[in-house]
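What follows draws every value from the coordinates through simple rules; no lab data is involved. The model shown is predicted, which means the values in this text are computed figures rather than measured ones. With ideal geometry, Cβ positions are generated from the backbone for all residues, glycine too; neighbour counts draw on all protein chains shown.
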């Protein structure tokens, strides 16, 4: 889906992680990519994460999916909102909403959450720890934003919802289909449906915390360490006070940890895998019948389109001259020579044209075969049929 005009550089300079921005319908022709009934159907599926939020006076109720098919007919008159996570992984038309926002690195993209609300429905005043673009798909929603929240922001007592106890709006806008509201991290916002059939597409971005990074990195580093790689002090000197941990010991111990934790190449490889790990790794996208290398090479005899799985994550890190590390769904591949161009294209585009030039490269064919068999890419069946 294309936009008429959007100044990416100005946005990054003046608004990104600084202040909210309302963008009135910038699309060449806005079309709501998903019908409400389709969203409700996704909420009934086991492999899809969904939530139902109901509000009655000051009481908020949260129900986790999957939801029964007849659940929506028993909701009563109280305002309610249906939230479905990672809809872009299951509906290609929703995945196209991400294209205009590719000026932000792919590894920062989380997913597209879709909400449906009846008149008065919402999830209450809250703030997120990440950036979000709120695209109004259908109906109208009134959005209010407030001043950024500090670390001591008071929350309501609720086991599942992180709602602000005190919310004061500083600005508000009524969004109609095609309008977009950008909200930076920790900026409180509250959206309320105005009329029924209100659908909003929330394009969220990942911002890993320091604790998450350290915890996962430490686990990855220690997995490769030998148990006999231990502290040693063959030049130990007698101390005046045996209760002291000497400066020399501290320096050596810190060095043992830092040597592993601060290895830049190892960190880059770890983070490439960490940042591309699928959101729902328990879901298998593998083909029913595995591909063979010779079969793939035959399929590349004529130009065809190779499509990325919308649920897959791709990224690459530049290595030594003429090489890149490609990471796909948490798995890393060292690429060199002619495979580098293909890897860079695949990481940056939703589809790549491949053909005889690729078939002549054995490493590239091997890579494509592996990615096909793990369900990360697929050949365009429509193009093949044509």
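Quick check: residue separation of residue 45 and residue 331 times 0.36 nm, minus the Cα distance between them. What number comes out in nm?
Working: separation 286, 0.36 × 286 = 102.96 nm, distance 2.75 nm.
This chain segment gains 100.2 nm when fully extended.
A crude spin-label estimate for the pair residue 225 and residue 10, with each label 7 Å from Cα along the Cβ direction, gives 5.2 nm. When the chain is treated as a Gaussian network with alpha carbon springs shorter than 10 Å, the biggest mean-square fluctuation among 364, 81, 222 belongs to 222. Ordered by the number of other Cβ atoms lying within 10 Å of each residue's own Cβ, fewest first, 38, 212 fall into the sequence 212, 38.
Length available on full extension from residue 380 to residue 172: 0.36 nm per residue minus the Cα-Cα distance, which gives 70.5 nm. Here 126, 8 are placed in order of increasing Cβ neighbour count within 10 Å, fewest first, which gives 8, 126. Between the stretch 229-244 and the stretch 307-386, the alpha-carbon centres lie 53 Å apart.
Per residue, the convex hull around the alpha carbon atoms of the stretch 148-196 comes to 124 Å³.
Report the calculated FRET efficiency for residue 147 and residue 277 (r = Cβ-Cβ distance, R0 = 45 Å), to the nearest 0.05.
Rounded to the nearest 0.05, the efficiency is 0.80.
Among 100, 92, 234, the largest mean-square fluctuation in a Gaussian network model of the chain, built with springs joining Cα atoms closer than 10 Å, belongs to 234.
Over the chain, calculate the relative contact order: mean separation of alpha carbon pairs under 8 Å at least 6 apart, over the residue count, as a percent.
Values: 681 pairs, mean separation 56.4, N = 386.
For the chain, the relative contact order is 15 percent.
Computed over the alpha carbons of the stretch 315-386, Rg followed by Dmax gives 12.2, 41 Å. Radius of gyration (Cα atoms) of the stretch 8-205, expressed as a multiple of 2.2 N^0.38 Å: 0.98. Computed from the C-beta positions of residue 18 and residue 252, the FRET efficiency with R₀ = 41 Å rounds to 0.40. Kirkwood hydrodynamic radius computed over the chain comes to 24.0 Å, based on all pairs of distinct alpha carbons. Would you mind telling me which residue in 193, 311, 29 has the biggest mean-square fluctuation in a Gaussian network model of the chain, where springs connect alpha carbons within a distance under 10 angstrom? Among 193, 311, 29, the largest mean-square fluctuation in the Gaussian network model of the chain belongs to 29.
What is the order of 245, 180, 23, fewest Cβ neighbours within 10 Å to most? Please list the in-between numbers first.
Details: 245 9, 180 22, 23 18.
Neighbour counts put them in this order, fewest first: 245, 23, 180.
What's the FRET efficiency of residue 338 with residue 210 using the Cβ-Cβ distance as r and R₀ = 51 Å, to the nearest 0.05? Efficiency computed from Cβ-Cβ geometry: 0.85.
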